[in-house]
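All remarks here apply to the structure that follows.
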Amino acid sequence: MMAVLRYLLLTSLPLLFLEPVFSSEPVDSSAAPREASQSRASQTAALEASQREIAPPEPIVPPPKRELRLVLDWYPGPQHAPVYLAKALGYLETDDIELEIVTPADPSVPSKLVAASRADLALTRQPRLHLDIAEQKPLIRVATLIDSPLALLTVREDSKITDIAQLVGKNIGYAVEDNLSPSLSTLLEGAELVLDDVSLKDVDFGVVQALVQQRVDAVIGGQRPMLAEQLSREGVLSRGFLIEEHGVPAYDGLILIANRNHLQRQRETIQHLVTAIERASLWLVNHPEKAWQRLVEVEPSLDTPANRRAWPALIRRFSLSPAGLDSHRYARFEKFLKDRGEIETLHPVSRLAVDIYAP
């Protein structure tokens, strides 16, 4: 009996130990492959994420450059140095401004091009601006490069003309009409003369040669102080009559004008340009020799003995605050023209000029 019990106990022990391994619930035969597939998908997603993390970023497209077309008042000269240097020294690059500087075919057209929206900006003289506004042209002053007159009446020293009264019956050459009225007409009035007492000849850009070749007895306009040096280089000594000392109120000799119809849209861009011009003006005053060398590198045609000698005198005339607006000066000149009958209506300063930074 004991032997039988021992036999039964020994044969049932393996079953007792194996029984917990088995389950009465049904087994899904596809579970293992699905888990493997999910694992591979997770690995692929992780790989793609890591690749995205190390992949180079999309290239940043720079904003388009803001283009400005600026027309000079005359052929290139040292008086335009702040504009040329603002561009050459890279002061416009940080603001993404592309400045095109254009030489006019005729010194009378710069303001016309801006008024007709064929140029964004132009250089001109304050008297010309007043006359253009009187003609209802949509122009406005936004900066001043030179805040004193550049025009003057010039005669040959060997002409023996030492007084304006001696101009009666003489030939006077001019380049732009605002040099005649109010500049020349005011000078003549001081000697009890009028424009009809002289002969006028349009010499365009040829002011120097007209006097050198004695095709005229005098010229009104030109670019002070370069004119005397240019004549001297041609072997002609000259004598000048300063218009501000013969009845013409002081005015801004070289200003930057814009089309007032487009000013709101272009205001920020013009602000950046004026700031660059201010920086260039300060730099050339602080470093006149370096400025001259940089200027003639940019515009080689300026590298003449006459311009080089005139450079120190010209530097003193550049405005160090081009945005600054002398409202009294503009109101005074407007009244001067009205009193002389040059214009019919007085315009407020806000119609003539603007502080480009004012709100």
Using a/c under 1.5 as the rounded threshold, could you call region 236-359 rounded, prolate or oblate? The axes a ≥ b ≥ c are square roots of the C-alpha gyration tensor eigenvalues, and prolate needs a/b larger than b/c, oblate otherwise. oblate
Measure up LYS87/LYS137; LYS87/LYS201; LYS170/LYS335; LYS65/LYS87; LYS201/LYS335 against 25 Å on the Cα-Cα distance and list the ones that go over. LYS87/LYS137; LYS87/LYS201; LYS170/LYS335; LYS201/LYS335
Send over the per residue convex hull volume for region 230-271, Cα only, as a whole number of Å³. 139
In whole Å, how far is the Cα centre of region 275-346 from that of region 161-199? 25
Mind ordering 322-331, 276-285 by average Cβ neighbours within 10 Å, highest first? 276-285, 322-331
Accessible surface of region 277-341, 1.4 Å probe, proportion on carbon and sulfur as whole %: 50
Stretched fully, the stretch from LEU237 through LEU200 gains (0.36 nm per residue minus C-alpha distance, one decimal, in nm) 11.1 nm
Quote to one decimal, in nm, the extra length available between GLN271 and GLU192 on full extension: 0.36 nm per residue of separation minus the C-alpha distance between them. 23.9 nm
If you take the beta carbon distance between GLN293 and LYS170 as r and set R0 to 45 Å, what does 1/(1 + (r/R0)^6) give as a FRET efficiency, to the nearest 0.05? 0.60
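The values are calculated or read from the model by the stated rules, or taken from the named source; none is laboratory data. The model shown is predicted, which means the values in this text are computed figures rather than measured ones. Ideal geometry is used to build each Cβ from the backbone, glycine not excepted, and the neighbour counts take in all protein chains shown. Surface areas here come from the heavy atoms of the whole protein model, side chains and all, with no ligands, DNA or RNA. Shrake-Rupley method; radii C 1.70, N 1.55, O 1.52, S 1.80 Å.
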